[in-house]
Amino acid sequence: MKKQWSKKDLIYLLELSQEEDIKKLFQYANKIRIQYVGKEVYYRGLIEFSNICNKDCLYCGIRKSNTKVMRYQMEKEEILREALWAYQEQYGSITLQSGEQTNSNYVKFCEDIILEINKKTKHALGITISMGEQEKEIYQKWFNAGASRYLLRIETSNELLYQKIHPQNENHSFQTRLACLRYLKDIGYQVGSGVMIGIPGQTCEDLANDLLFFEREDIDMIGMGPYIEQKDTPLYQQIEKVGYPILRDKQWRFQMSLKMIAIARILLKDVNIAATTALQALDPLGREKALKAGANVLMPIITNEEQRQKYQLYDQKPCINETAAQCKECLQRRVLSIANEIGYGKKGDSTHFLKR
Ligand code: SAM
Ligand code: SF4
């Protein structure tokens with residue numbers, strides 16, 4: 001019988017502090033991963049196709065008001081070239097990600113790209129999209145074009161904390177974000193969500209609630225990682241002004257992110273969980289450690305070298321000077337070094353979704 005985890009249990013696990021206990025937690029999560037989703041690690045080649053954004057999330061380096069960012073939107077041909085590269089390299093799936101835009105040109109542009117990638121790959125490449133909050137009809141349009149998975153982080157399930165890290169206007173509403181996640185599920189997407197870990201003011205109780213939120217909303221894929229400073233953002237400037245005590249140190253944020261991954265695996269069992277790039281920004285072996293603590297998905301950046309530099313959500317983004325081919329080799333070495341298998345050529349759908 002499936003064990004029911006209470007909020008108290010989850011807080012207890014999140015607060016584990018003895019190295020030996022934490023090691024056991026990770027080992028147990030890894031065992032559950034192998035039992036429910038197998039040993040394979042699936043790739044989602046990440047194409048960051050535009051950094052133009054209408055929003056102003058207080059933590060994000062590509063927020064609308066950051067005038068230091070050189071904005072770009074890739075041409076269709078470039079996106080297609082990168083997607084086909086991933087296909088030929090047997091990545092099995094890609095993720096198309098951008099800042100949030102809602103105008104009709106953008107919507108049509110994305111629809112055409114999804115259709116074209118599917119046509120050229122004969123629907124053999126899994127397409128995940130991550131393009132923010134949209135009307136339900138837009139999500140439906142992109143689904144009809146052939147995108148089957150959507151990533152939209154709730155960022156934090158604590159509505160008050162959400163408000164603190166977003167501007168106070170209707171363009172940044174927690175309730176809208178929640179409604180979007182539900183639209184996506186209604187339409188039939190594999191729904192991915194996640195949170196940032198170590199946001200100033202966030203408690204272990206908040207994080208336990210985040211895990212229960214994933215369970216309650218029946219999320220299929222989890223992508224979460226540490227909050228990382230970006231010096232040109234209002235959140236960072238506030239941290240500097242108030243003083244560092246409001247920000248947990250990097251080691252805490254890193255360890256807590258691994259614990260969140262492990263506990264999400266133990267709680268949710270058959271979902272896909274990403275070892276996110278942000279983990280590597282805090283620890284050179286961050287992604288390998290996440291794979292050993294229950295994650296089963298990697299998102300190698302395949303955005304071309306020029307544009308990946310302009311898509312800096314946070315400072316010290318890793319892999320910024322590497323090519324897609326270098327990233328592939330490097331990741332392969334990293335995955336094989338910890339005795340995992342790579343699911344080359346496989347879409348790696350969420351087992352949780354397939355069972356639904
Ligand atoms: N615009 C879309 C959205 O917000 O859903 C997709 C792209 S957005 C850049 C992807 C994710 O980047 C966000 O959900 C957020 O969690 C993460 N992110 C942004 N700034 C960050 C920071 N300073 N540290 C860690 N993650 C950050
Ligand atoms: Fe835009 Fe997404 Fe960054 Fe918010 S997190 S500012 S929506 S790119």
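Points worth noting:
- Rounded Å value of the spacing that divides the Cα centres of region 335-356 and region 1-54: 15
- The chain - Cys residues lacking any other Cys C-beta under 4.7 Å: CYS53, CYS110, CYS180, CYS204, CYS319, CYS327, CYS330
- Formal net charge of residues neighbouring SER337 (Cβ-Cβ distance under 12 Å; K, R +1; D, E -1): +4
- The trypsin sites (Lys or Arg not before Pro) of region 1-44 that meet both conditions, a loop assignment by DSSP and at most 10 other Cβ atoms within 10 Å of the site Cβ, are LYS2, LYS3.
- Using θ = phi - 60° in the Karplus curve 6.51 cos²θ - 1.76 cosθ + 1.60, the 3J(HN,Hα) couplings for region 57-72 round to 3, 5, 9, 9, x, 9, 4, 3, 7, 7, 6, 7, 7, 7, 7, 8 Hz; x is entered for Gly and Pro.
- Over the chain: helical MRE at 222 nm, DSSP H runs n ≥ 4 each giving -39500 (n - 2.57), nearest 500: -14000 deg cm²/dmol
- Alpha-carbon centroids, region 123-174 and region 69-85: separation in whole Å: 21
- Candidates GLN18, GLN309, GLN280, ranked by Gaussian network fluctuation over the chain, Cα under 10 Å, top entry: GLN18
- Sorted by Cβ neighbour density within 10 Å, fewest at the top, the residues CYS204, CYS110, CYS180: CYS204, CYS180, CYS110
- Each principal axis of the Cα atoms in region 31-355 has its own extent, and those three values, largest first, are 53, 46, 39 angstrom.
- ³J(HN,Hα) computed for each position of region 29-39 - Karplus, 6.51 cos²θ - 1.76 cosθ + 1.60, integer Hz, glycine/proline x: 4, 5, 4, 5, 4, 4, 5, 9, 10, x, 8
- GNM top mover of ILE138, ILE199, ILE338 - the chain, alpha-carbon springs below 10 Å: ILE338
- Here region 31-355 carries DSSP beta bridges of which approximately 5% are antiparallel, counting only pairs with both residues inside.
- The Kirkwood radius of region 84-240, taken over pairs of alpha-carbon atoms, gives through the Stokes-Einstein law at 4 °C and 1.567 mPa s a diffusion coefficient of 77 µm² s⁻¹.
- The length gained on full extension between GLN88 and TYR28, counted as 0.36 nm times the residue separation minus their Cα-Cα distance, comes to 18.0 nm.
- Summing Lys and Arg as +1 and Asp and Glu as -1 over all other residues whose Cβ lies under 10 Å from the Cβ of TYR183 gives a net charge of -1.
- Residue exposure sequence - LYS259, LYS355, LYS317, LYS120 - by fewest surrounding Cβ within 10 Å: LYS355, LYS120, LYS317, LYS259
- TYR42 long-range amide H proximity, modeled H, under 5 Å: VAL297, LEU298, GLY343
- Spacing of the two label points (7 Å from each Cα toward its C-beta) at GLU15 and ASP249, in nm: 2.1
- Least to most buried among SER104, SER257, SER93 (fewest other Cβ within 10 Å first): SER104, SER93, SER257
- Loop GluC sites (Glu not before Pro), region 5-75, which have at most 16 other Cβ atoms in a 10 Å radius of their Cβ (DSSP): GLU15, GLU75
- Calculated FRET efficiency for the pair GLU78/ASN105, C-beta based, R₀ 25 Å, to 0.05: 0.90
- Under the Karplus curve 6.51 cos²θ - 1.76 cosθ + 1.60, θ = phi - 60°, whole-Hz ³J(HN,Hα) for region 337-346, x wherever Gly or Pro sits: 5, 10, 6, 9, 9, 9, x, 4, x, 9
- Mean Cα-pair separation over length for the chain, i.e. relative contact order, pairs under 8 Å, 6 or more apart, %: 26
- With the cut-off at under 17 Å, measuring from each backbone N in region 94-108 to a point 7 Å along the Cα-to-Cβ line of LYS310 picks out 97-101, 106.
- Among residues other than TRP252 with Cβ under 13 Å from its Cβ, the summed charge is +1 (Lys and Arg +1, Asp and Glu -1).
Read-outs throughout are calculated quantities, based only on the coordinates presented, and are distinct from any laboratory measurement. Owing to the predicted nature of the structure, the values given are computational and were not obtained by experimental measurement. Neighbour counts run over all protein chains shown; Cβ positions are idealised from the backbone, glycine included.
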